[in-house]
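Peer 1: Have a look at the structure that comes next, please.
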Amino acid sequence: MGKTRALVFTSVGHFVNDGSVFLLPLIVDVLSSMYGASHAEVAVLLFLFYLSSGAFSILVGSQADKTGETGRLMAVGIGLLGIGLVGFYTSMIYLRGQDLFAVGLLCDLGMGFGSSFYHPLGGSILQSSFGRGTAGRALGLNGAMGSVGRALYPTLYVLAAAAFTVPGSMGFFGLLGVAAALFIWAGLGSAKAAGTRRNAGAKSIRGALTVPMVALVAISFVRSAALFGIAAYIPTFLTQQRGLGLGASLGLTMTVFYASAILGQPAFGRLVEKVDHRLVLAASSLGAAASIVGYVNVQGLLGVALLSLFGVFAYTGFPVLMSLAADYAPETASTLSNSLVWGLGATGGNAVGPLLIYALIFNNYNRLGLSFEYMALLAVASAAGAFLIPKPAADKGPVAG
């Protein structure tokens, strides 16, 4: 498959995938504020979403390596995200109380399943299309489109809600997801995973679980728990500790925070083509830790700059982790290896991180700054752990760009 075709269609997928996923916190806020969902129900929805996303990712990776159908599977995942959003719209229109929560839980799990497809499949398609020499920058550019989706979708959601009502906005983005799925099916239907070997599912899983891969999954888990735990509570910190409230200042600050990764991902994508991937992973974790500690202790414009810098370092997972996964992936389990690193590692950490913050604050939002600093120490530990992963045998030095 041509490089441009692969990059364009996977970038559309990344934009819609990450934008749709970042609507979920807004959806559960609507369920809480407008439909009476309890704090426990909100916590269950968020936890099960990330848990299902990580768990199903292994199934998706294994299936892709057995059948080779990376492009069509990606379209299925984006379609499931869209269908889940349409389901939330329909249930909010017709249901209330426990019936609404029960159907909402099914939609939540469906979206979690749908979100498990993109990252391992997108990484596999780009790695196969671009090859080792230029895959890093392709992953970075592609990751930037995901960051654009994260930054734009919340604002577009508010605008769509003004035009269609709040539930109607979910329906609108659901239909957009279905349309994007059809677009991706048409453009990437011929995309195949490299090294496909039919009926090799169990062997692929055993083959992918090497000592370096297990270490990489563990480091990815710890890093994501630390950084996503912080990121999940940034809006609460801004309202409770910085007094921004729920107005335009909060929205602008969060947009700046998310948008900073638009430049950060291509930069780190380029960097992984030139520098030891483990060093890049450690640098991103250390940079995120230092910037969030600085942000907690500084206010004003410098504080906003440090928060943006945290976004640059924290949201580098796609190009950095996918490049590392490729270093240790067996040829017949490339997509499954991506799934292990992203699904069990990054997404698993995403599920646990907010729970760690919640445990650290003891129901006292005044402890959020201190909890961020504790999580920064966890990020530093993940940076140190990166050098416990052995250098891949194929990596004799920097890769020529």
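Peer 1: For the stretch 1-159, what value does the Rg/Rh ratio take when both radii are computed over Cα atoms and Rh is the Kirkwood radius, given to two decimals?
Peer 2: Computed over Cα atoms, the ratio is 1.02.
Peer 1: If you don't mind, another one. Once fully extended, how much extra length lies between Met34 and Ala186, figured as 0.36 nm per residue of separation less the alpha-carbon to alpha-carbon distance?
Peer 2: Value of the extension gain: 50.9 nm.
Peer 1: How big is D, in µm² s⁻¹, for the stretch 127-173 by Stokes-Einstein at 4 °C and 1.567 mPa s if Rh is the Kirkwood radius over C-alpha pairs?
Peer 2: 103
Peer 1: Okay, moving on. Fewest Cβ neighbours within 10 Å first, please rank Phe173, Phe117 accordingly.
Peer 2: Phe173, Phe117
Peer 1: Relative to the Cα centre, what is the charge dipole magnitude of the chain, using +1 at the beta carbon of each Lys and Arg, -1 at the beta carbon of each Asp and Glu, and rounding to the nearest 20 debye?
Peer 2: My answer is approximately 880 debye.
Peer 1: Sort out for me the Cα centre separation of the stretch 218-241 from the stretch 98-175, rounded to whole Å.
Peer 2: Using only Cα atoms, the two centres lie 19 Å from each other.
Peer 1: Rounded to whole Hz and in sequence order, give me ³J(HN,Hα) for the stretch 301-315 from the Karplus expression 6.51 cos²θ - 1.76 cosθ + 1.60, θ = phi - 60°, writing x for Gly and Pro.
Peer 2: In residue order, the calculated couplings are 5, 5, x, 4, 5, 5, 5, 5, 5, 4, x, 4, 7, 6, 8 Hz.
Peer 1: Which listed residue (Ser129, Phe117, Val148) has the Cα farthest towards the positive end of the charge dipole for the stretch 50-159, taking +1 on Lys and Arg C-beta and -1 on Asp and Glu C-beta about the Cα centre?
Peer 2: My answer, from the dipole projection, is Ser129.
Peer 1: What distance in nm separates the simple spin-label points at Ala179 and Ala215, each placed 7 Å from Cα in the Cβ direction?
Peer 2: 4.8
Peer 1: Same structure again: Once you charge only the Cβ atoms, +1 for Lys and Arg and -1 for Asp and Glu, what is the size of the charge dipole of the stretch 219-377 about its Cα centre, to the nearest 20 debye?
Peer 2: Value, rounded to 20: 300 debye.
Peer 1: I'm spelling it out carefully: the read-out is log10 I(q)/I(0) by the Debye sum over Cα atoms at q = 0.09, 0.10, 0.12 Å⁻¹, the candidates are [x] -0.49, -0.61, -0.90; [y] -0.56, -0.69, -0.97; [z] -0.66, -0.81, -1.12, and one was derived from this structure. Which label?
Peer 2: [x]
Peer 1: Same structure again: Under the rule of at least 5 residues apart or a separate chain, name every residue whose amide H is placed under 5 Å from the amide H of Gly68.
Peer 2: Ala193
Peer 1: Still on this structure, please answer the following. Would you list Asp108, Asp327, Asp29 from fewest to most Cβ contacts within 10 Å?
Peer 2: The order, fewest Cβ neighbours first, is Asp29, Asp327, Asp108.
Peer 1: Could I ask something else about it? What number, in percent, do you get for the relative contact order of the chain if the mean sequence gap of Cα pairs under 8 Å and at least 6 apart is divided by its residue count?
Peer 2: 27
Peer 1: Could you name the aspartates and glutamates in cross-link range of Lys391, using Cα to Cα under 16 Å and dropping any fewer than eight places away on the same chain?
Peer 2: Correct list for Lys391: Glu273, Asp276, Asp327.
Peer 1: Just the ratio, please: alpha-carbon radius of gyration of the stretch 246-368 over 2.2 N^0.38 Å, N its number of residues.
Peer 2: Against the compact-globule rule of thumb, the ratio is 1.21.
Peer 1: Right, something else. Quick one: Karplus J couplings for the stretch 71-87, per residue in order, coefficients 6.51, -1.76, 1.60, θ = phi - 60°, nearest Hz, x for Gly and Pro?
Peer 2: Residue by residue, the stretch 71-87 yields x, 5, 5, 4, 4, 4, x, 5, x, 5, 4, x, 5, x, 5, 4, x Hz.
Peer 1: Which length gain, in nm to one decimal place, applies between Lys391 and Ile93 when the Cα-Cα distance is subtracted from 0.36 nm times their residue separation?
Peer 2: Result for the pair: 101.8 nm of gain on full extension.
Peer 1: Calculate the spin-label point distance for Ala305 paired with Lys3, positioning each point 7 Å from the Cα along the beta-carbon direction, and give it in nanometres.
Peer 2: 3.6
Peer 1: If you don't mind, another one. Could you work out how far the C-alpha centroid of the stretch 371-390 sits from that of the stretch 8-69, in angstrom?
Peer 2: Value for the Cα centre distance between the two parts: 26 Å.
Peer 1: Where does each of Glu273, Glu69 land when they are ranked from fewest to most other beta-carbon atoms within 10 angstrom?
Peer 2: Glu69, Glu273
Peer 1: In deg cm²/dmol, rounded to 500, what helix-only [θ] at 222 nm does the chain give when every DSSP H run of at least 4 residues adds -39500 (n - 2.57) and the total is split over its residues?
Peer 2: Roughly -27500 deg cm²/dmol at 222 nm, from the helical runs in the chain.
Peer 1: Can you compute the charge dipole magnitude of the stretch 1-137 about its Cα centre, using +1 on each Lys and Arg Cβ and -1 on each Asp and Glu Cβ, nothing else charged? Give it in debye, rounded to the nearest 20.
Peer 2: 620
Peer 1: Right, next: Just name one of Tyr365, Ile230, Thr10: the one whose Cα is farthest towards the positive end of the charge dipole of the chain (beta-carbon charges, Lys/Arg +1, Asp/Glu -1).
Peer 2: Thr10
Peer 1: What does the charge count near Ser20 come to, summing +1 for each Lys or Arg and -1 for each Asp or Glu among other residues with Cβ under 15 Å from its Cβ?
Peer 2: -1
Every number here is computed from the coordinates shown, using simple stated rules; none is lab data. Computed from a predicted model, the values in this text were never measured in an experiment. All Cβ positions, even for glycine, are placed from backbone atoms using ideal geometry, and neighbour counts span all protein chains on display.
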